[in-house]
Amino acid sequence: MVDVYIVVYSLLGILICLPALLVALNLLMPHITARIETRLEQTPGKSFFLGVPVTAVFLLWIAITANIPGIGQASAFLVAFLGMGLGTLGAAGMTRLLAKRVRPLTNPSSEALNWLRGAVMYELACLFPIVGWFLFAPIVGITVIGAATFGLLGWLPRPTVSEQVAVAGNQ
């Protein structure tokens, strides 16, 4: 019975801490998460298609090296750690995007509170049985890994023609 309590309360602790982690990443790395949010908002398809090979490389590396004793297992752990970190940064960008979209619906609102709302919405969507587990979480997970890769490399989408005209008109 104690084992059941350990599992249940560990999961509850993780579920409570994840939104706080995503808000903290938004506070600590605002420029990176803003670039990730821009990618997720403007080019989600490109983010997904970059996320597919990046995720595949991580998973293949882990699958190949996980059973090699010593340095192989250590490299599998390191690559898994880096992949989870990249996914968490992408999730922080997704939190920022959801916060931006929930802002008109909330009154009163603050940026941090909206980030928390976005993080909780993202977490609960991933936890929804069957659809969240096997459809939403993998697709969005691959997309946020691609967007985080773009964000860390500093590659922003090209401005559209209307944005270029607006900038030229302001000068």
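Structural remarks
- Across the range 43-57, the number of residues qualifying as touching a residue at least 40 places away in the same chain (Cβ under 8 Å) and either surrounded by fewer than 16 Cβ atoms within 10 Å (Cβ to Cβ) or of a type in the set (Phe, Trp, Tyr) (or both) comes to 3.
- Filter result for Leu40 (closer than 18 Å to Val144 by Cβ and either at pLDDT 95 or above or surrounded by 18 or more Cβ atoms within 10 Å (Cβ to Cβ) (or both)): yes
Residue-by-condition table, conditions (1) β-branched (Val, Ile, Thr); (2) at pLDDT 95 or above:
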residue: Leu59; (1), (2): no, yes
residue: Ile68; (1), (2): yes, no
residue: Phe77; (1), (2): no, yes
residue: Phe81; (1), (2): no, yes
residue: Leu86; (1), (2): no, yes
residue: Ala92; (1), (2): no, yes
residue: Arg101; (1), (2): no, no
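- Among the residues of the range 78-119, those that are of a type in the set (Val, Ile, Thr) and under 16 Å from Pro19 (Cβ atoms) comprise Thr88, Thr95, Val102, Thr106.
- All of (1) of a type in the set (A, V, I, L, M); (2) farther than 20 Å from Thr149 by Cβ; (3) free of Cβ contacts under 8 Å to residues at least 60 places away in the same chain hold for Ala80 with one exception: (2).
- Near pairs, Cβ below 8 angstrom, 6+ apart or cross-chain, from the range 4-25 (farther than 18 Å from Gly90 by Cβ) to any residue that is in a helix (DSSP H, G or I): Leu15/Glu123; Leu15/Leu127
- Given (1) free of Cβ contacts under 8 Å to residues at least 24 places away in the same chain; (2) farther than 24 Å from Phe49 by Cα; (3) of a type in the set (Gly, Ala, Ser), number of the condition Gly132 does not satisfy: (2)
- Per the conditions (1) crowded, with 16+ Cβ neighbours inside 10 Å; (2) within 10 Å of the chain's Cα centre (by Cα), the sole criterion not satisfied by Glu123 is (2).
- Summed over the range 135-161, the residues that are more than 14 Å from Val54 (Cβ to Cβ) and assigned to a loop (DSSP other than H, G, I, E, B) give a count of 6.
- Qualifying residue in the range 92-111 (condition: loosely packed, with under 13 Cβ neighbours inside 10 Å and among the hydrophobic types (A, V, I, L, M, F, W, C)): yes
- Against the numbered list (1) among the polar types (S, T, N, Q); (2) within 14 Å of the chain's Cα centre (by Cα); (3) modelled with pLDDT under 95, Thr143 comes up short only at (3).
- Breaking point among (1) more than 17 Å from Pro138 (Cβ to Cβ); (2) surrounded by 16 or more Cβ atoms within 10 Å (Cβ to Cβ); (3) not β-branched (Val, Ile, Thr), for Gly70: (2)
The values are calculated or read from the model by the stated rules, or taken from the named source; none is laboratory data. From a predicted model like this one, the values you see are computed outputs, not experimental measurements. With ideal geometry, Cβ positions are generated from the backbone for all residues, glycine too; neighbour counts draw on all protein chains shown.
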